[in-house]
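What follows is a set of notes on a single structure, which appears directly below.
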Amino acid sequence: MTSSPSPLRVSDSSLAGATDEEVEGLVGQTDLLVVGPGVLGRLVAAQWRKEHPGCQVFGQTVTADHHDELIKLGISPSLKGGRLSGQVPYVIFCAPPSRTADYAGDVRLAASNWNGEGSFLFTSSSAPYDCFDNGPCDEDSPIVPIGRSPRTDVLLSAEKVVLEVGGCVLRLAGLYSLDRGAHAYWLKKGTVEARPDHVLNLIHYEDAASLAVAILKKKLQSRVFLGCDNHPLSRQEIMDLVDRSGKFSEKFERFAGTDDPLGKRLNNSKTRAEIGWEPKYPSFAQFLGIQE
């Protein structure tokens, strides 16, 4: 499906004197803005372009450090705070909260670039689910009350903005690839001051991207979805798999913690059924080529 032109709302002063004919067609019906085109955002952009030949993909960043890389990937870069020449039908917000003092404000700014026609998706975290006893947890489980944790307050405030403007939220489990994720961090550390029996949840970067694209294409409004592989593992189980895989030269020593909180066992069967999605990598073990 090619990107056919649709009218846009001009917000750039350089276009203010343009005729309707000149402005018409600058933004297409399948054009996408990626706010925070890092590892996940670039994968989303690549899959979106593959499924929507002829579309434009825009990428908004905090600095211009990686703009040359984005251009080579077919992503038109701009800086945070700048407005596109017109609003786009699809927006995904992948930027982390670590580089801003006003995360909810940044999300609101990103939403101002959305024309409301396609989908606005915010990638959040599964941290807000109020479960810390290694118990079961799904899309409808209770969330941590505002005021208990600064980390979850930031996420929930941003999610609130998204849902109010008609966007969707995708709460993601721990993202990983071969050289990124919790296991890679722990390998570098060697010894980690955390308990080994804490259960955590994973989703491969490629699977998080494919799920995000699938949700964007559904054009849903004000919904919360969950992204995970449905194979929760304890910290120790993860590092045992890393050791068994033979894919890593480093050797992990041990987890030395005893009294930090436990985790949760996520299940996103409801998301899978509604979106019609399955992961390419159903488990960390299968990703590593280990028979479970």
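Approximating the spin labels as points 7 Å out from Cα along Cα→Cβ, the Ser177-to-Thr63 distance works out to 2.0 nm. Rolling a 1.4 angstrom probe over the protein heavy atoms with all chains in place gives the range 129-238 an accessible area of 43 Å² per residue. Starting from the 7 Å offset along Cα-to-Cβ, what nm value, one decimal, do you get for the label separation of Glu278 and Lys50? Rounded to a tenth, the inter-label distance reads 1.8 nm.
What residue among Pro282, Pro89, Pro261 shows peak mean-square fluctuation when the chain is described by a Gaussian network model with Cα springs under 10 Å? Between Pro282, Pro89, Pro261, it is Pro261 that shows the largest mean-square fluctuation. Of the residues Gly190, Leu170, Gln60, the one whose Cα sits farthest toward the positive end of the charge dipole of the chain, with +1 on the Cβ of Lys and Arg and -1 on the Cβ of Asp and Glu, is Gly190.
With a simple spin-label model that places each label point 7 Å from the Cα along the Cα-to-Cβ direction, the separation between Lys188 and Phe132 comes to 2.7 nm.
Roll a 1.4 angstrom probe over the protein heavy atoms and tell me the percent of accessible area of the range 144-209 that is carbon or sulfur. Accessible surface attributable to carbon and sulfur in the range 144-209 totals 55 percent.
Can you tell me how the chain classifies by the Cα gyration tensor, rounded, prolate or oblate, using a/c under 1.5 as the rounded cut? Prolate is the answer for the chain, as a/c is 1.5 or above and a/b outweighs b/c. Within the listed set Ile75, Ile203, Ile143, the Gaussian network model of the chain (springs between alpha-carbon atoms below 10 Å) gives the highest mean-square fluctuation for Ile143.
Counting charges near Leu200 (Lys, Arg +1; Asp, Glu -1) among other residues having Cβ under 9 Å from its Cβ returns a value of +2.
How much FRET efficiency would the formula 1/(1 + (r/R0)^6) give for Ile143 and Lys218, where r is the Cβ-Cβ distance and R0 is 25 Å, rounded to 0.05? With R0 = 25 Å, the Cβ-Cβ based efficiency is 0.65.
Can you bin the range 231-292 into rounded, prolate or oblate? Criterion: square roots of the alpha carbon gyration tensor eigenvalues sorted a ≥ b ≥ c, rounded for a/c under 1.5, prolate for a/b above b/c, oblate for the rest. Write out the running numbers ahead of the final one.
Details: a/c = 3.86, a/b = 1.40, b/c = 2.76.
Verdict is oblate for the range 231-292.
Which part of the range 175-216 falls in the paramagnetic zone of Lys251, meaning amide N under 14 Å from the point 7 Å along Cα-to-beta-carbon? Zone members listed by number: 190-191. The charge dipole of the range 176-233, taken about the Cα centre with unit charges on the Cβ atoms of Lys, Arg (+1) and Asp, Glu (-1), comes to about 320 debye, rounded to the nearest 20. Here the relative contact order of the range 33-74, from alpha carbon pairs under 8 Å that lie six or more residues apart, stands at 47 percent.
Between Asp102 and Asp197, residue separation times 0.36 nm minus the direct Cα-Cα distance comes to 30.7 nm.
The values are calculated or read from the model by the stated rules, or taken from the named source; none is laboratory data. Computed from a predicted model, the values in this text were never measured in an experiment. Note: ideal-geometry Cβ built from the backbone for every residue, glycine included; neighbour counts use all protein chains shown. Accessible surface areas use protein heavy atoms only, side chains included; no ligands, DNA or RNA. Shrake-Rupley method; radii C 1.70, N 1.55, O 1.52, S 1.80 Å.
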